[in-house]
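The structure under discussion appears below in the form of structure tokens.
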Amino acid sequence: MVNQIQGRVGHRYIALLVFVVLAVVLWHGFGGRSGTKPTANVGNVRYVPSRYDWSKATPVHPIADQKSLPAGEPKAFPKVQARAGAERQDDIAAARKAAVKKAFVKSWEAYKRHAWTQDELMPLSSKGKQTFSGWSAQLVDALDTLWIMGLKDDFRLAIKEVAVIDWSKTSDGKMVNLFEVTIRYLGGLLAAYDLSREPVLLAKAVELGDALYAGFDTPNRLPSYWLDYEKAMAGAQTADLSMSAAAGGSLCLEFTRLSQISGDAKYYDATERIKQFFRRCQGKTKIPGLWPKAINYREETMDGEGFTMGAGADSLYECLPKMHALLGGLDPQYAHMTIKALDAARDNLLFRPMTPKDDNILMAGNADWAAENKVTLTPEMQHLTCFVGGTYALAGRLLARNDYVDLGSRLAAGCVWAYDSFATNIMPEISELVACEARDGPCVYAEGAFPAGRLSDLPGGFVRVRDASYMLRAEAIESVFYMWRVTGDQVWRDAAWRMWQGIVRETETELAFASVVDVRVHSSKKVDSMETFWLSETIKYFYLIFDDEGVINLDEWVLNTEGHPLRRPGRS
């Protein structure tokens, strides 16, 4: 019986791939490079290829030694999740899940009415705007959430629009943001394909992948932050002299998954070269094990003196254990890089904040290297760094490191504490605290440790709030999600609900949800912005916390930095 089922699945998969191949053949048969846009049906969807076929572009800087995906049977990993699925239906969790879905539907319906096929909804002015090349960023970013929530009619409506996107030109005539387009668009397409097996999504993902691959046609095959189509056609691109660690180091998940699905190793090869650059330098930076925020990709040097797991570096560290899982453990370099990075971060970036109740929590700050190997820690807390708890917990399970799981729990608890500390139940974008002398042991709260000019209206433990806004970010709930799945402890679900109530209360508008200026006060002024990750990432993590644990099981999936689930290779 099992063999019969596997056989049917295999035949269906082959049939879907035949549709994709047929579409590509038809496209190429019509010319493919430019001119009129031919159409064909892929599956049951009308497919229109982009006007320019980047797969036929001749590289100016060709590669002679294309690297292939690691071969072999995926290795057996320790279980990530505490449970494969729920033992019984929880009425409270079901009601909370329904409330989260209601917020998603409200936001999505507003996007459909006021910003359909545009990149973002403006939730105060009821308009749409273009922010990421004008290829319907919100629509693509939300595809997998639609599927997970069972909104299949809207999913099918959306893929009809996806099937006619022209990746060969941007609506604003500007250059392509390689990082953002990869994590939002390519990640969104691949996740939606992995979930639904709709062949047109793979066809469009391959088209986009070929366009983004052109960004690697540089003398040293490392990319620049901006993909300039005109320069790419002329072979005039070069890697950047200064680009963030995250912008280059976060592309590997999507490019690797595209190679796994399509069978074309070139995408994997592109980001494997970045990985090898990072691996060579990991032990030679100012703080060995960590990478500086700013990196010289053109000359392949890493001399920077600022280190963080926040803005500029965050998703680089997030990808390391996920790549270990996505490659089935067949590339041991990712495991080694993960351990070196997380150990170095533990020793140089993590700190215990001084809090009124002597909470045993941790946060990830910033470190600056100075002469004579002196490292200065700034006990700053960015909302962006709140992903770190989930990363430690995931790595801990994959690598059988219980100490990492413990660190992840304390880091996630630190972000929950920050949410709970403010009257709005939302933590600010950037704040500063006082670090205890040691990560472990007693840490007596002393007012004398805080600057004399500290504002009295700040919650206990905070020195100042450098950016009081909340942009509908997901990083804190992301780590809570991981801790819930890894431990199965109800405390994480309860924390998630408190966070959700605060976010809804402060950000909801008549139309949808909006960023807020100041989380220190109730009913703060709102900003006419609803980032696409609100629907692709933030709401999805809340929803999955209250859904059955079998949905997007972390022993079967990895999620990219935009919250898009990519299927892990299974053992035969």
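The values are calculated or read from the model by the stated rules, or taken from the named source; none is laboratory data. Just so we're clear, the structure is a prediction, and the values are computed from it rather than from any experiment. Reconstructed Cβ throughout: ideal geometry from the backbone, glycine too, with neighbour counts over all protein chains shown.
For the range 493-502, does any single residue satisfy the condition of being in contact with a Leu (Cβ under 6 Å, 6 or more places away or on another chain), closer than 18 Å to Met363 by Cα, modelled with pLDDT of 95 or more and not in a loop (DSSP other than H, G, I, E, B)? Step through it out loud before you land on a result.
Step one: list which residues in the range 493-502 are in contact with a Leu (Cβ under 6 Å, 6 or more places away or on another chain), which gives none.
Within the range 493-502, not a single residue is in contact with a Leu (Cβ under 6 Å, 6 or more places away or on another chain), closer than 18 Å to Met363 by Cα, modelled with pLDDT of 95 or more and not in a loop (DSSP other than H, G, I, E, B).
If you go through the range 109-134 and keep only what is buried (at least 23 other Cβ atoms within 10 Å of the Cβ) and under 21 Å from Ser196 (Cβ atoms), you end up with just Tyr111. Residues in the range 438-458 that are exposed (fewer than 11 other Cβ atoms within 10 Å of the Cβ) and either over 36 Å from the mean Cα position of the chain (by Cα) or within 23 Å of Ala364 (Cβ to Cβ) (or both): 12 in all. Within the range 154-194, if we keep just the residues that are among the acidic types (Asp, Glu) and modelled with pLDDT of 95 or more, the residue that is nearest to Arg113 (Cα to Cα) turns out to be Asp154.
If you go through the range 256-287 one residue at a time, how many are touching a strand residue (DSSP E or B) at 6+ places or on another chain (Cβ under 7 Å) and either crowded, with 22+ Cβ neighbours inside 10 Å or of a type in the set (Phe, Trp, Tyr) (or both)?
Final tally of qualifying residues: 1.
Among the residues of the range 163-188, those that are hydrophobic (A, V, I, L, M, F, W, C) and within 15 Å of the chain's Cα centre (by Cα) comprise Leu178, Phe179, Val181, Ile183, Leu186.
Among the residues here, Thr391 qualifies as surrounded by 20 or more Cβ atoms within 10 Å (Cβ to Cβ), polar (S, T, N, Q) and within 28 Å of the chain's Cα centre (by Cα). Against the conditions (1) under 25 Å from Ser515 (Cα atoms); (2) without any contact (Cβ under 8 Å) to a residue 12 or more places away in the chain; (3) of a type in the set (Asp, Glu), Asp153 satisfies every one except (1). Among the residues of the range 371-393, write down those that are of a type in the set (S, T, N, Q), over 14 Å from Asp347 (Cα atoms) and at pLDDT 95 or above. Answer for the range 371-393, where residues must be of a type in the set (S, T, N, Q), over 14 Å from Asp347 (Cα atoms) and at pLDDT 95 or above: Gln382, Thr385, Thr391.
Would you mind stating whether Leu253 is crowded, with 20+ Cβ neighbours inside 10 Å, part of a loop (DSSP other than H, G, I, E, B) and hydrophobic (A, V, I, L, M, F, W, C)? Spell out how you get there, then give the answer.
Working: crowded, with 20+ Cβ neighbours inside 10 Å: yes; part of a loop (DSSP other than H, G, I, E, B): no; hydrophobic (A, V, I, L, M, F, W, C): yes.
Answer is no for this residue.
Results for (1) of a type in the set (S, T, N, Q); (2) over 23 Å from Ile183 (Cα atoms); (3) in contact with a Leu (Cβ under 8 Å, 6 or more places away or on another chain), shown as yes or no for each residue.
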site: Thr285; (1), (2), (3): yes, yes, no
site: Leu290; (1), (2), (3): no, no, yes
site: Ile295; (1), (2), (3): no, no, no
site: Thr301; (1), (2), (3): yes, yes, no
site: Met309; (1), (2), (3): no, no, yes
site: Gly328; (1), (2), (3): no, no, no
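Once the range 364-388 is narrowed to residues that are under 11 Å from Glu475 (Cβ atoms) and of a type in the set (S, T, N, Q), the residue that is nearest to the chain's Cα centre (by Cα) is Thr385. If we scan the range 83-92, do we find a residue that is in a helix (DSSP H, G or I), loosely packed, with under 15 Cβ neighbours inside 10 Å and either among the acidic types (Asp, Glu) or modelled with pLDDT of 95 or more (or both)? Yes, the range 83-92 contains at least one residue that is in a helix (DSSP H, G or I), loosely packed, with under 15 Cβ neighbours inside 10 Å and either among the acidic types (Asp, Glu) or modelled with pLDDT of 95 or more (or both).
Which one is nearest to Phe513 (Cα to Cα) among residues in the range 459-479 that are among the basic types (Lys, Arg) and surrounded by fewer than 21 Cβ atoms within 10 Å (Cβ to Cβ)?
The first filter runs over the range 459-479 and keeps only residues among the basic types (Lys, Arg), leaving 464, 466, 473.
Pick out the ones that are also surrounded by fewer than 21 Cβ atoms within 10 Å (Cβ to Cβ) and you get 464, 466.
Values: Arg464: 27, Arg466: 23 Å.
Result: Arg466.
So for the range 495-504 (the condition being farther than 20 Å from Glu562 by Cα, in contact (Cβ under 8 Å) with a residue 60 or more places away in the chain and out of contact with any Phe, Trp or Tyr (no Cβ under 9 Å at 6 or more places or on another chain)), does at least one residue qualify? The answer is yes, given that some residue of the range 495-504 is farther than 20 Å from Glu562 by Cα, in contact (Cβ under 8 Å) with a residue 60 or more places away in the chain and out of contact with any Phe, Trp or Tyr (no Cβ under 9 Å at 6 or more places or on another chain). Counting only strands (runs of 3 or more DSSP E) that sit wholly inside the range 288-396, those with at least 3 residues that are in contact with a strand residue (DSSP E or B) (Cβ under 6 Å, 6 or more places away or on another chain) and farther than 26 Å from Gly563 by Cβ are 366-370, 374-378.
Within the range 509-527, is there a residue that is crowded, with 23+ Cβ neighbours inside 10 Å, in a helix (DSSP H, G or I) and among the aromatic types (Phe, Trp, Tyr)? No, the conditions are met nowhere in the range 509-527. The residues of the range 191-213 that are among the hydroxyl-bearing types (Ser, Thr, Tyr) and crowded, with 23+ Cβ neighbours inside 10 Å, listed by number, are Tyr193, Tyr213. When each of Asp403, Asp343, Asp331 is tested for being over 30 Å from Val465 (Cβ atoms), crowded, with 17+ Cβ neighbours inside 10 Å and not aliphatic (A, V, I, L, M), the lone residue that passes is Asp331.
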